[in-house]
Amino acid sequence: MDWLEVSVETDREMAEAVSEVLSRYAPQGVAIELGDEPDGQRVIVRAYLAADDSLEARKRRLEEALWHLGQIRPLPAPTFRRIADRDWTAGWKESIPILHIGKRIVIKPSWREYTPQAGEVVLELDPGLAFGTGLHPTTRLCLEALEARVRDGMRILDLGSGSGILALAAAKLARVEVLAVDNDPNAVVATRRNARRNGVSARVRPLHGSLEAVSGTYDLILANLLAPILIRMAAERKLAARLKPQGWLIASGLLVEQEGEVAAAFEANGLHVVERRREEDWLALLATRA
Amino acid sequence: MAKKKKKIKAIVKLQIPAGKANPAPPIGPALAQHGINLMAFCKEYNAKTSHLAGNIIPAEITIYHDSSFTFVLKTPPTADLLRKAAGVPKGSSEPNRIKVGSITRQQLREIAETKMKDLNANDIAAAERMVAGTARSMGIEIVD
């Protein structure tokens with residue numbers, strides 16, 4: 001079955017009344033396009049009428065209702081466009097690429113086939129709300145730094161694990177044990193599920209909590225957070241205390257202009273920055289114990 | 001993990017029945033053109049709104065350039081609240097001539113208060129004026 005798309009361009013205030021009129025003829029709801037600015041004033045209200053035998057009659061009544069509404073406050077005439085019914089979810093799946101990061105890391109969605117080249121490690125992760133067709137620059141920076149430093153036998157701590165992507169990559173790249181910590185219970189569930197799907201659940205342990213819940217020392221700490229959180233964690237040498245003497249800290253989530261304050265907090269709390277990586281406005285810092 | 005700032009591609013508000021999101025119109029075409037994961041939205045929206053079935057619960061979706069998105073639920077449309085307050089099934093087909101019902105100033109104030117956080121209004125008086133404007137365009141009168 002086809003659909004008739006009805007579009008009315010108006011302002012935010014009038015959008016309520018236009019939506020009310022359209023929803024009388026489209027009980028499944030209306031979509032209001034608000035542009036790309038949270039406070040934009042021009043909006044487009046769209047509704048969809050099923051193109052069956054009664055379409056012409058419904059279209060006429062809808063036009064009349066909008067005309068009457070326009071007598072109260074001026075309203076442009078609606079525009080109509082016939083669209084064919086289709087699987088609206090299909091295009092999205094096709095748009096999700098296979099990602100290559102660093103020298104060996106490949107990230108693919110579950111519905112795509114991929115034959116790895118020699119030495120490549122493949123992570124299967126489905127995009128959800130958190131990431132779409134690409135990864136955040138900080139995730140890519142962390143993956144690249146991780147690939148360069150990870151070695152067999154390491155004990156790794158992932159602070160703010162999110163989907164678990166960094167923890168999984170570590171466990172795929174080398175024979176390591178990873179503790180993946182996040183204060184969001186949804187992230188803990190996601191990390192556990194993704195570890196199982198990638199066959200590394202024996203070596204990736206999700207933990208609900210924050211740095212305070214962690215004891216012991218680690219060869220490598222991944223902290224893809226935000227600048228204020230990095231600064232807070234570094235205070236009182238809390239972060240340095242979890243790092244082995246020869247260990248590495250990979251810290252990201254900071255913008256270029258935040259480098260000074262983060263590096264200063266590290267240097268004042270037993271950490272020494274030895275390397276920086278940049279992508280767009282974002283940085284990842286590699287630090288050791290001072 | 002906290003969200004990091006990303007570039008906004010589009011903001012789309014859907015006014016849809018609670019708990020019944022599916023990939024058909026209007027959700028399908030409205031979101032598919034921006035290349036986001038439709039099913040993830042529908043699943044999450046339904047999980048968050050199924051206990052409100054019978055109401056229109058708007059969702060405002062912010063879509064980023066990498067096709068990721070976030071969304072927040074909004075208060076029911078003003079028109080919905082007005083219809084319920086006036087006890088009428090729908091607005092007037094000729095609001096400039098035919099009045100279908102009325103609400104009191106007190107009800108107007110209550111609706112303005114409910115909608116205040118979602119309206120682009122500086123104070124309650126401005127919110128009331130916007131709600132009254134919607135009422136007028138539906139053929140619902142405000143009475144003392």
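The values are calculated or read from the model by the stated rules, or taken from the named source; none is laboratory data. This structure is a prediction, so every number in the text was calculated from the model and none was measured. Every residue, glycine among them, receives a Cβ derived from its backbone with ideal geometry; neighbour counts consider all protein chains shown. The protein model used for the area step is the full one, side chains on, heavy atoms only, and it has no ligands, DNA or RNA in it. Shrake-Rupley method; radii C 1.70, N 1.55, O 1.52, S 1.80 Å.
Of A:143, A:135, all but one fail to be within 14 Å of chain B (Cβ to nearest Cβ), hydrophobic (A, V, I, L, M, F, W, C) and crowded, with 20+ Cβ neighbours inside 10 Å; the exception is A:135. A single entry from A:190, A:195, A:167 fulfils the requirement of being within 14 Å of chain B (Cβ to nearest Cβ), over 27 Å from residue B:35 (Cβ atoms), of a type in the set (Gly, Ala, Ser) and in contact with a Pro (Cβ under 9 Å, 6 or more places away or on another chain): A:167.
What residue, of B:93, B:67, is at the interface with chain A (Cβ under 9 Å from one of its Cβ atoms), of a type in the set (S, T, N, Q) and in contact with a Ser or Thr (Cβ under 7 Å, 6 or more places away or on another chain)? Exactly one residue qualifies, and that residue is B:67.
Return the residues of the range B:88-119 that are assigned to a loop (DSSP other than H, G, I, E, B), open to solvent by less than 60 Å² (accessible area, probe 1.4 Å) and not hydrophobic (A, V, I, L, M, F, W, C); say none if nothing qualifies. Within the range B:88-119, B:91, B:92, B:94, B:95, B:118 meet the criteria. A single entry from B:82, B:31 fulfils the requirement of being touching a helix residue (DSSP H, G or I) at 6+ places or on another chain (Cβ under 9 Å), more than 8 Å from chain A (Cβ to nearest Cβ) and assigned to a helix (DSSP H, G or I): B:82. Give the residues of the range A:90-102 that are open to solvent by 30 Å² or more (accessible area, probe 1.4 Å) and either of a type outside the set (A, V, I, L, M) or in contact (Cβ under 8 Å) with a residue 24 or more places away in the chain (or both), sorted by residue number. Result: A:91, A:93, A:94, A:95, A:97, A:99, A:100, A:102.
One residue stands out among those in the range A:34-56 that are within 12 Å of chain B (Cβ to nearest Cβ) and among the acidic types (Asp, Glu): the one that is least open to solvent (accessible area, probe 1.4 Å), which is A:36. In the range B:1-28, of all residues being under 17 Å from the mean Cα position of the chain (by Cα) and more than 7 Å from chain A (Cβ to nearest Cβ), the one that is farthest from residue A:109 (Cα to Cα) corresponds to B:18. When the range B:40-79 is limited to residues that are open to solvent by 50 Å² or more (accessible area, probe 1.4 Å) and part of a helix (DSSP H, G or I), the one that is farthest from residue B:128 (Cα to Cα) turns out to be B:43. Going residue by residue through the range A:217-227, is there one that turns out to be modelled with pLDDT of 95 or more, surrounded by fewer than 19 Cβ atoms within 10 Å (Cβ to Cβ) and in the same structural domain as residue A:180 (by TED's automatic domain parsing)? Checking the range A:217-227: at least one residue is modelled with pLDDT of 95 or more, surrounded by fewer than 19 Cβ atoms within 10 Å (Cβ to Cβ) and in the same structural domain as residue A:180 (by TED's automatic domain parsing).
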